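Presented below is the structure to which this report refers.
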Amino acid sequence: MTKKKRILKSMAALAACVPLLGWAAWPEKPIRMVVPYAAGGGADNTARVVAQQMSIALGQQIVIDNRPGAGGVIGEDNVAKAPADGYTVLYDASAFSVNPSLRKLPFDAAKDFIPVSLVATAPQILVVPATAPYQTVAQFLDFARKNPGKLSFASAGGGTGSHLAGEALNEQARLSLMHVPYKGGAPALTDVMGEQVSAYFGNVASTLGYVQSGKLRALAVSSAKRVPGLPDTPTLAESGLPGYNVVEWNGVFLPKGTPPDIVQRLGKAVQAAVNEPQVKQKLLQLGLEPAGTTPEAFAKFVQNETARVGALVKARNIRVD
């Protein structure tokens, strides 16, 4: 056989494998990105920023499909039952690791999804009324212990990030702060400023402005490292609670059974989008810390978060209506 014929034979063999490999053909049409939360919310806004850049990298439009309800379960279930062909993607948030401990699910969160990439994490700010008698976390903890049952913490609702951050503080610091749930972060912030509630863990985007204007006092941040907008505000870990690191997050998933090559290619598209300078700047403006990880790293992250939340839910006997 001549060298030319050998080359042609090898090319033909490779071409025959292309339909099996999937990577060369995918994506051939627009991709549906399910966001299991309402349009205009934090996850939706972030998804649109990232999806627009991903569309450029993949050469196909990514269409956002909002499927809110049941704390994200409705949209998650929609993706769990979708064809595993790479054309239905889940853009989820921290609720993905919370729901298994708090709700009866119509799917197995650990088995029915493939983690693709962590997009970003969202630190929270522990804020108190500007007129509060405590200036530091140490003073806050001391006051709470000397006045059991007097202090409370607001949340944006049962099972939300602000609720779990407060319960994590209760658990680690051995406090008994009373939980006061609200229907969203805005009314929670209003009542903290009005001294109706003692404290609140608010996300950076909604809370930082009130801190900077002096309407709220920031005692600490919930993440492992300080927030750029509050360089002088310590972390809770620095404030006498070593290891405290509670953040909200956004990430991308695919239905189980999706070919590995599609998982890897989508993961690289997410990583490239998150690391694009303009996207990174927009995420920072939304109060997020850009991430972008491999599927393997994200799978480990989700596993750890689910275990951490499960342990907290059990320890604090947390329930949602």
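The values are calculated or read from the model by the stated rules, or taken from the named source; none is laboratory data. Remember, it's a predicted structure, so these values are computed and weren't measured experimentally. Cβ: placed from backbone, ideal geometry, glycine included. Neighbour counts: every protein chain shown. Surface areas here come from the heavy atoms of the whole protein model, side chains and all, with no ligands, DNA or RNA. Shrake-Rupley method; radii C 1.70, N 1.55, O 1.52, S 1.80 Å.
Summary table below
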{"item": "Cα-based Rg of the range 22-131 normalised by 2.2 N^0.38 Å, two decimals", "result": "1.19"}
{"item": "For Met178, solvent-accessible area (1.4 Å; no DNA, RNA or ligand), Å²", "result": "110 Å²"}
{"item": "From phi via Karplus (6.51, -1.76, 1.60), per-residue ³J(HN,Hα) for the range 143-159 in Hz, x at Gly/Pro", "result": "5, 4, 6, 7, 10, x, x, 8, 9, 9, 9, 8, 9, 7, x, x, x"}
{"item": "Using alpha carbons only: equivalent-ellipsoid semi-axes of the chain, gyration tensor based, whole Å", "result": "43, 19, 17"}
{"item": "Where only alpha carbons of the range 211-316 are counted, the Rg and the Dmax (Å)", "result": "17.0, 52"}
{"item": "Amide H contacts of Trp249 (H built 1.01 Å from N, under 5 Å, at least 5 apart or other chain)", "result": "Ser94, Ala122"}
{"item": "Dipole of the chain, positive end: most advanced residue of Leu312, Ala51, Leu175 [Cβ charges, Cα centre]", "result": "Ala51"}
{"item": "Largest-first ordering by accessible area, 1.4 Å probe, given options Arg226, Arg319", "result": "Arg319, Arg226"}
{"item": "Percent RCO, i.e. relative contact order, over the chain, from Cα pairs under 8 Å lying at least 6 residues apart", "result": "26 percent"}
{"item": "Cα centroid separation - the range 156-200 against the range 69-122, whole Å", "result": "25 Å"}
{"item": "³J(HN,Hα) computed for each position of the range 182-193 - Karplus, 6.51 cos²θ - 1.76 cosθ + 1.60, integer Hz, glycine/proline x", "result": "10, 8, x, x, 4, x, 5, 4, 4, 6, 5, 4"}
{"item": "Debye, to nearest 20: dipole size of the chain, +1 on Lys, Arg Cβ, -1 on Asp, Glu Cβ", "result": "940 debye"}
{"item": "Compactness index (Cα Rg / 2.2 N^0.38 Å), the range 93-210", "result": "1.18"}
{"item": "Amide H within-cut-off set for Tyr244, under 5 Å, with H built and near neighbours excluded", "result": "Ala237"}
{"item": "Among Ala130, Tyr91, Leu105 the positive-end extreme of the charge dipole of the range 71-146 (Cβ point charges)", "result": "Ala130"}
{"item": "Cα-projected label distance for Arg316 with Lys215, points at 7 Å along beta-carbon direction, nm", "result": "2.6 nm"}
{"item": "Amide hydrogen neighbours beyond the local backbone of Val221, cut-off 5 Å, H modeled", "result": "Leu126, Thr235, Leu236"}
